[in-house]
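Beneath this line is the structure, given in structure tokens, with notes to follow.
Every read-out reported here was derived from the displayed coordinates using simple, explicitly stated rules and does not represent laboratory data. Since the model is a prediction, treat every value here as computed from it, not as a measurement. Positions of Cβ are generated from backbone atoms using ideal geometry, with glycine treated the same way; all protein chains shown enter the neighbour counts.
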Number of protein chains: 6
Amino acid sequence: MRPSGRKPDQPRNITLTRNFTRHAEGSVLVEFGDTRVICTASVENRVPPFLRGEGRGWITAEYGMLPRSTGSRMGREAARGKQGGRTVEIQRLIGRSLRAAVDLEALGEHTITIDCDVIQADGGTRTAAITGGCVALVDALNFLVKEGRLKTSPLKQMVAAVSVGIYRGTPVVDLDYPEDSEAETDMNVIMTDQGGFIEIQGTAEGVPFVQDELDGMLTLAKQGIDRLFAIQKDALGG
Amino acid sequence: MRPSGRKPDQPRNITLTRNFTRHAEGSVLVEFGDTRVICTASVENRVPPFLRGEGRGWITAEYGMLPRSTGSRMGREAARGKQGGRTVEIQRLIGRSLRAAVDLEALGEHTITIDCDVIQADGGTRTAAITGGCVALVDALNFLVKEGRLKTSPLKQMVAAVSVGIYRGTPVVDLDYPEDSEAETDMNVIMTDQGGFIEIQGTAEGVPFVQDELDGMLTLAKQGIDRLFAIQKDALGG
Amino acid sequence: MRPSGRKPDQPRNITLTRNFTRHAEGSVLVEFGDTRVICTASVENRVPPFLRGEGRGWITAEYGMLPRSTGSRMGREAARGKQGGRTVEIQRLIGRSLRAAVDLEALGEHTITIDCDVIQADGGTRTAAITGGCVALVDALNFLVKEGRLKTSPLKQMVAAVSVGIYRGTPVVDLDYPEDSEAETDMNVIMTDQGGFIEIQGTAEGVPFVQDELDGMLTLAKQGIDRLFAIQKDALGG
Amino acid sequence: MRPSGRKPDQPRNITLTRNFTRHAEGSVLVEFGDTRVICTASVENRVPPFLRGEGRGWITAEYGMLPRSTGSRMGREAARGKQGGRTVEIQRLIGRSLRAAVDLEALGEHTITIDCDVIQADGGTRTAAITGGCVALVDALNFLVKEGRLKTSPLKQMVAAVSVGIYRGTPVVDLDYPEDSEAETDMNVIMTDQGGFIEIQGTAEGVPFVQDELDGMLTLAKQGIDRLFAIQKDALGG
Amino acid sequence: MRPSGRKPDQPRNITLTRNFTRHAEGSVLVEFGDTRVICTASVENRVPPFLRGEGRGWITAEYGMLPRSTGSRMGREAARGKQGGRTVEIQRLIGRSLRAAVDLEALGEHTITIDCDVIQADGGTRTAAITGGCVALVDALNFLVKEGRLKTSPLKQMVAAVSVGIYRGTPVVDLDYPEDSEAETDMNVIMTDQGGFIEIQGTAEGVPFVQDELDGMLTLAKQGIDRLFAIQKDALGG
Amino acid sequence: MRPSGRKPDQPRNITLTRNFTRHAEGSVLVEFGDTRVICTASVENRVPPFLRGEGRGWITAEYGMLPRSTGSRMGREAARGKQGGRTVEIQRLIGRSLRAAVDLEALGEHTITIDCDVIQADGGTRTAAITGGCVALVDALNFLVKEGRLKTSPLKQMVAAVSVGIYRGTPVVDLDYPEDSEAETDMNVIMTDQGGFIEIQGTAEGVPFVQDELDGMLTLAKQGIDRLFAIQKDALGG
């Protein structure tokens, strides 16, 4: 029995609210249950130094948590003067994942920065960020088309992510914080809507996991992500 | 004529939403028109080193803006490795102002940190943060009473803040961004609900201001703040 | 009775020594009683990135205290690797105030940096820095004229600053450290020699202050600043 | 055909040289072909703050590259004042992986730090570091036993790691730099000598990968890691 | 012919002004010609962590230059967020040199920090800092005796420093900036008043120097330092 | 009697291994007994900002120690976010010394960075780094010739360094760690193969040293360095 009463293959209630704030070219509030993340996509007419003059664009991501998004207050990274290792790891994962959604050649010399800021955390913030960030990214790409800066959207495919894990011996999908902190194995799976894997990160927290468990988790992940693609599609107006 | 069509003495639509997030002891979404700030109050059972062993408590504040809370994306302070001068100046103002609301002796050896994170900016973020932060602070103080850690709330008085300025020669209250960026003088006024001033910060942006203009702005500020105290009172359940 | 025996409207002994060091285009030692600050003005033939190509100049300020300018040694900010919040707040105030003295269009693409380094502190370092920094600034502007880089000085007006406060219930001018650390209210007033306000920053340290007290402090401030303008004029040979 | 002429399931020449330097409790030079990493294990009689008083030990890792371990010189992280995102990500992975080798309760209040410093890079530095670091860790645990600070070694199982990938459509094991920079998919697999997975990190660099490719890579990884366990066993004297 | 018209063995005009500022336990303005350095000595009742509980004291030094102590403005180290390499090198030299003056066992668990802040630079700031810093140190040691915290001063010997160099082929003493920037060799010599060397740092700027030149410089240095000891003695009322 | 059994004028066993790693233009492992330092020379086709457009080249150096190159583990400078004072001092010395070996005009607009990374420390790391770094530098200069980027090598002279000291009253050469930590005086001498001094840095650790001791140390240093030049010559193939 999961603490929330959910079935093993049952994700939390998931919502995507577009145009959540007004300044960004894409702005989405994503909620995976009590996990709430603001994802904004910002367009700039330039690329980082390592890409200058190559005619290609770039997608990057930054991640942060409000100090009191968690059960006890975390020190503010801006005040401590550096981003922690977990933050760096997560924002690199989000950036890599979302780059897979876009044809960077077709994007031209634009940079799109996806900012993912957690306002309330209850497990799965990185998978929520990728799933919501992809919708913000689509809005930003469409903005470029609408503004006449691109002829067609360089979107190649949708990308979404979900966590799976082994909780008390059973594979489960979309772990919340009480499950996450107790799970033997925790795995984040990022896929495209055409069925390929973008990234798999599975970590045994205590006992190593075996091939059967891996297979079980991947099966749940694929089902869960299919549902996320439907929710993204709904949010984007079908 | 103000860009928003408001009268000189007319503040924006102001709302305070308590319990906006679930982890903090106090959590308030404050909206001054399109300016939206999440204010959380976090209680800790210890005080900073300079107060240890003195039996008194401490109130402090931190301020941040999401990178895309503004018209163009600002670099994330955590990524740049330091808080900017404006951030430091604002969070020190919020901390000083809210300390005036509480009897620090009666608070005992607790620290309450008010985090003010701007998710959408349209002028007046610091006055919104003080006004909303005070309500989050009240909730945190009441939490300490409910938990039995304090017998009565050490709240001395409510504190609220509003901006006033000289816009095209006329004193106006609660400036939004289009007014703020053009105003000749900008002044932030922080008061108590017993009618005293906590802090006055008036800055001439171009032409110096004179005593008459100062008097006109202070009159508007007092009226505007009275309205804020009513809204705070409503939010706290009358 | 004030600790120093001064009358409420009596500033400390104030001196301005020009050409205090030999390298800077303007160099002034300002003394407000035992408070001693070295103010230098340095001219550069370029402007910060945000102003490039606009034909306008810039005035900025930096502030520091020698580690043992105070009663107990403060850690050196260069060794700690960052400027503290109070330092940042003060140097922003000095910069804003002195920009009001100059026609930045007429200054052309020059930057003048005012460095204010406190070698001995006894209260009122920021008001001393503004008052002395304005004289160093005048010298630097005259240097530009003398060198033939500007036809006439772009000085618009002199700027000076004084602190006022409520000490044991009475408004007083130009607080020294023993008064400052005990005052109920502390206010810094920056004005032009044409009678306008550049900036007012008043802070209640304990009890809030009321309109009558504000009026009393402003009256003292105006008198005190008039005297500062006379001292500046004398120093400039005038 | 692989650039090195190796068969798809053929790892590079792998050597482990124990006692490579003389000060550390464990010191191993690990070579995966031209990739050379110095792994040292350092024992301290204390644990990080978050573990104090719990009677458990801790294993942590740090990773660095000499500036000219690579084809073009990289800026020294110590000179730039921060560790890059890739460094942080890798050292967190090494630490997590090696913690799985040890019974932290049985280790008692000791910290073992595994420093992995790359002196020559040719792909696969993180898998070399984990594989060599585990041997340095074993030596450090045996040191604690020899010194009488522990009765028996708290080693639970050996841990080793290898990279696999899809190179020009074919799964291959232990990628060198020319393969790594061109591979469609890159996956790091960390396993125990009892056959369980500690961590799987697979990333599609261009085209997403599918279940069949994943299965192919995992099969190669298991074979490759078995060979690593044999080499570790040899190095440790059988 | 030296630019200043001095003879090769003629130091600049040297003055030591005690009690230059009022807060520090020792405060000396040292002038070597146009080089002016404020040296303060601050006493604390504790020692750095590496000395705790050993019953010995510590002498340390910090060095800084006001941004416009030099011909063109240098960036403020506090604003840049780190001390430069030259600053670090100099303050370590000052600290080592002045530790030689004191019996650290007899000092007991006190730390004395010598802050050397250059307000005007014209060559030889480090030798001026050592020479003036030693006098400030003596005053701080006498303060400890006067306060009854030590029975007798733990001063072992006076320490002073002078620069020598090869300027246009001739050894000269106490180089000013025009000489220093052109000299072939620059050497700083730190000695005790009992005739021993504390530190010798000689650097060839262009052409290497030979034994004869070294001997010539050391002869000048010894003469020059004898004069400094006389000036120190005078200043101390001796 | 020296702890190692060496005679006073006997250096340790010294070896220079060229081409130690494969990516750098020069790569040397230098061993002074148990002290082992990897020195790489990296060529770049640009110069630092202060030299741009002047047609001259630049030689610079960076120094680091692996955390467990020493008896107890030192914190990693990259993780602490800054290079320590000793590191800064040493790398500036190496850079100054090696610049003396090269005709910077003839080098043209190239920068050569010498990275000296200590993998095992037993005293004398800075003298080993200079001696080995000079050989790496020669290889890098020859690389520029071989590549046709320079017509002839801009090498002016070889540079080498050795430490000398007063150990239990007797001058000795090439101190190892047990001697170094006990020596009364420690001096680093850097010379050219034409017999001139590049730098002399002598420091009394306890008792000041006198002219006779200085002379004795310099005599030993000259002999020791002559031997180093022979070893460099051998390594470079005669």
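Of interest is the spacing of the C-alpha centroids, which for the range E:24-39 and the range C:155-223 amounts to 35 Å. Normalised by the residues of the range D:1-90, what does the relative contact order come to in percent, with Cα pairs under 8 Å and at least six apart? Relative CO of the range D:1-90 lands at 14 percent. Each of A:Lys146, A:Lys156 has some number of other Cβ atoms within 10 Å of its Cβ, and from fewest to most they run A:Lys146, A:Lys156.
Other protein chain C-beta atoms within 10 Å of residue C-beta, averaged over D:113-119: 4. Sorting F:Ile198, E:Ile119, C:Ile114 by the number of Cβ atoms found within 10 Å of their own Cβ, with the fewest placed first, yields E:Ile119, F:Ile198, C:Ile114. With the label put 7 angstrom out from Cα along the Cα-to-Cβ vector, A:Lys233 ends up 5.2, 5.5, 8.2, 8.2, 9.8 nm from the copy partners, going from closest to farthest. Computed on chain B, with alpha-carbon pairs under 8 angstrom and 6+ residues apart, the relative contact order is 22 percent. Counting only other chain Cβ atoms within 10 Å of each residue's Cβ, the peptide B:189-202 averages 5.
With the convex hull of the Cα atoms taken as the outline of the range C:63-194, the averaged projected area works out to 9.5 nm². Mean-square fluctuation check for chain D, GNM, Cα pairs under 10 Å: which of D:Ala101, D:Ala140, D:Ala24 is largest? Taking springs between Cα atoms under 10 Å, the residue moving most is D:Ala24.
Cβ under 9 Å from F:Leu66's Cβ, F:Leu66 left aside: what net charge do those residues give with Lys, Arg +1 and Asp, Glu -1? Its environment carries a net charge of -1.
Inter-label distance, A:Gln211 to C:Glu54: 6.7 nm, where each label sits 7 Å from its Cα along the C-beta direction.
Residue exposure proxy: E:Arg36, C:Arg227, E:Arg68, ordered by other Cβ atoms within 10 angstrom of their Cβ from fewest to most, comes out as C:Arg227, E:Arg36, E:Arg68.
Candidate cross-link partners of D:Lys233 among the aspartates and glutamates, defined by an alpha-carbon separation under 20 Å and a same-chain spacing of 8 or more, comprise D:Glu25, D:Glu31, D:Asp103, D:Asp139, D:Asp174, D:Asp193. Other residues whose C-beta falls under 12 angstrom from the C-beta of F:Glu182 contribute a net charge of -4, scoring Lys and Arg +1 and Asp and Glu -1. Sorted from shortest to longest, the distances between the E:Thr17 label points of this copy and the other copies are 0.5, 6.2, 6.4, 6.4, 6.6 nm, with each point 7 Å from Cα along the line through the beta carbon.
Ellipsoid semi-axes for chain E, based on the Cα gyration tensor and the rule √(5λ), read 30, 20, 17 Å when sorted largest first. Of all chain A residues, the one whose Cβ lies closest to the rotation axis that maps A onto E, given with that distance rounded to whole Å, is A:Gly81, 5. Taking the three principal axes of the alpha carbon atoms in the protein assembly as shown, the coordinate ranges are 92, 89, 62 Å, sorted in descending order. Springs between Cα atoms under 10 Å define the GNM used for chain E, and in it the highest mean-square fluctuation of E:Leu93, E:Leu150, E:Leu141 occurs at E:Leu150.
Among the residues of A:11-23, the average count of other protein chain beta-carbon atoms within 10 Å of the residue beta-carbon is 2. Relative contact order, whole percent, for the range B:154-238 stands at 32, derived from Cα pairs under 8 Å and 6 or more residues apart. Here the Gaussian network model covers chain C, with springs between Cα atoms less than 10 Å apart; of C:Leu51, C:Leu16, C:Leu144, C:Leu51 fluctuates the most.
Applying a threshold of 25 Å to the alpha-carbon distances of A:Lys82/F:Lys82; A:Lys156/A:Lys222; B:Lys82/F:Lys82; D:Lys146/F:Lys7; C:Lys82/C:Lys156; B:Lys146/B:Lys222 flags D:Lys146/F:Lys7; C:Lys82/C:Lys156; B:Lys146/B:Lys222 as lying beyond it.
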